[in-house]
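In what follows, a structure is listed as structure tokens, so that the remarks can point back to it.
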């Protein structure tokens, strides 16, 4: 121990003020963030099996609501495609002339909730009836065409059941309209079903996010417990709670980020697996059905949100654990 | 200056570790706290490091009432105190350098300055060539010196040590105590809890003697025989 009082003096003299300048502190703070991020990552890599299992559990938990979201989106689209073939038929009063039928068609066509209006003349109606087996003879016996002008109103795509209901109700109120035929029950049922599906996906996402939070929290809790001696030393040499917590918060972020990436990849795999059957279904609907994939923003948001979730889980648990340590 | 004024410490279950303890240690003074096992030596040091809180009484360090040190004030206070433990309390998965660097990293000292001061501290305890080694590869005495380097690297105004020579052979114990005496010579207040009476006598410093938590003797350096 080759020291002299002089060297001790030099090393124990009060620190110069500039040393504690804000810039240096910020630089050191950033450096510790970098160290914490790297150290927590290497700790994850040091126990690959445990880390992979945690990430896999979280990834699967987060992938499940994504899969349901994908399914729901496609069911919605299927409903819209089916809806295109389900126009609302508006039968006008028998005494209505062509000009009045066309005027009404234009009025309805101008509405924001209507996509298209097709005008069908009494003669067209009669011709269609004539094509139906067994009607031709009966129609020949008629001395005049009893059929009215008909407007085939196609509601705008994506319109929900209550909005279609309002449109139908408005058309029923029109003076020149004799009858409105809407087979909208199925639409209401589908809408209700999709509403339930929306809630289920939201509830599932919430519950599984909570599960992911608990998984991270428990992993970090075990990690902190196994490093209690180190934490004790850090606190004794003057580390603040934030300083001690930092590596564990980064661990939470890494767990969340990797599980979020895994969840996005699993969702993409499900999307890929569904693409074949959906293509066949699309053919059955004359190519009108296109599979709705997960939007890019969602695929990017999932890892980020999962990282935030991981941070939150680690933050809650580390605060609780460190309170006991202090 | 350290001041204990009628300080008592009771643990749950009724055990009284310290009882109405009053004494003062001046800035730059070196003193030993001695007594049998259970006399209250470690408790006294824990109160100074705010690891424990007194049940009664007032403790001040450089005029700061420790009872008022709470929350974020605790790490700031501990950064001003160098602590040395009998069991070293080193981080075994980090190198000697990283262990000694720890208080400087915590204090937010820049990397270059940290390197310079860590090497100076290691040189002081004679372990500069060991900086890249893990503590587990060192002897007990060397590990203790790493602990001392870590305690002094932050340039503390107060150095407290709990049985720092408890696991060392007599020769090494004398060397370690000599090192503490050097810090005192440059103005650092040094308080050492030890039950090694021959060593204490050899150092010829003030001695505070405790028995069952009570102050039974406060001997000036010249009174130590």
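The values are calculated or read from the model by the stated rules, or taken from the named source; none is laboratory data. Every value quoted in this text rests on a predicted model; they were computed, and no experiment measured them. Because the Cβ atoms are built from the backbone with ideal geometry, glycine has one as well, and the counts that use them run over all protein chains shown.
Worth pointing out:
- Only one of A:45, A:39, A:63 that is surrounded by 14 or more Cβ atoms within 10 Å (Cβ to Cβ) and modelled with pLDDT of 90 or more: A:63
- Comparison of A:305, A:251, A:301, A:319 shows that the only residue that is in contact (Cβ under 8 Å) with a residue 24 or more places away in the chain and within 16 Å of the chain's Cα centre (by Cα) is A:305.
- Exclusive hit being under 30 Å from residue A:23 (Cα atoms) and within 11 Å of chain A (Cβ to nearest Cβ), set B:158, B:122, B:172: B:122
- Some residue of region B:129-144 being buried (at least 23 other Cβ atoms within 10 Å of the Cβ) and either facing chain A (nearest Cβ under 10 Å) or touching a strand residue (DSSP E or B) at 6+ places or on another chain (Cβ under 6 Å) (or both): no
- Filter result (exposed (fewer than 15 other Cβ atoms within 10 Å of the Cβ) and at pLDDT 90 or above) within region B:19-44: B:22, B:24, B:26, B:27, B:36
- Tally, over region B:6-17, of residues that are buried (at least 18 other Cβ atoms within 10 Å of the Cβ) and either at pLDDT 95 or above or more than 19 Å from residue B:161 (Cβ to Cβ) (or both): 2
Yes/no per residue for (1) under 22 Å from residue A:34 (Cα atoms); (2) at pLDDT 85 or above; (3) in contact with a strand residue (DSSP E or B) (Cβ under 7 Å, 6 or more places away or on another chain):
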site	(1), (2), (3)
A:211	no, yes, no
A:240	yes, yes, no
A:250	yes, yes, no
A:288	no, no, no
A:291	no, no, no
A:315	yes, yes, no
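- Selected residue (criterion: farthest from residue A:323 (Cα to Cα)) from residues of region B:72-107 that are free of Cβ contacts under 8 Å to residues at least 12 places away in the same chain and within 9 Å of chain A (Cβ to nearest Cβ): B:105
- Looking across region B:182-202, the residues that are at the interface with another protein chain (Cβ under 10 Å from one of its Cβ atoms) and either in a loop (DSSP other than H, G, I, E, B) or out of contact with any helix residue (DSSP H, G or I) (no Cβ under 7 Å at 6 or more places or on another chain) (or both) come down to B:184, B:186, B:187, B:188.
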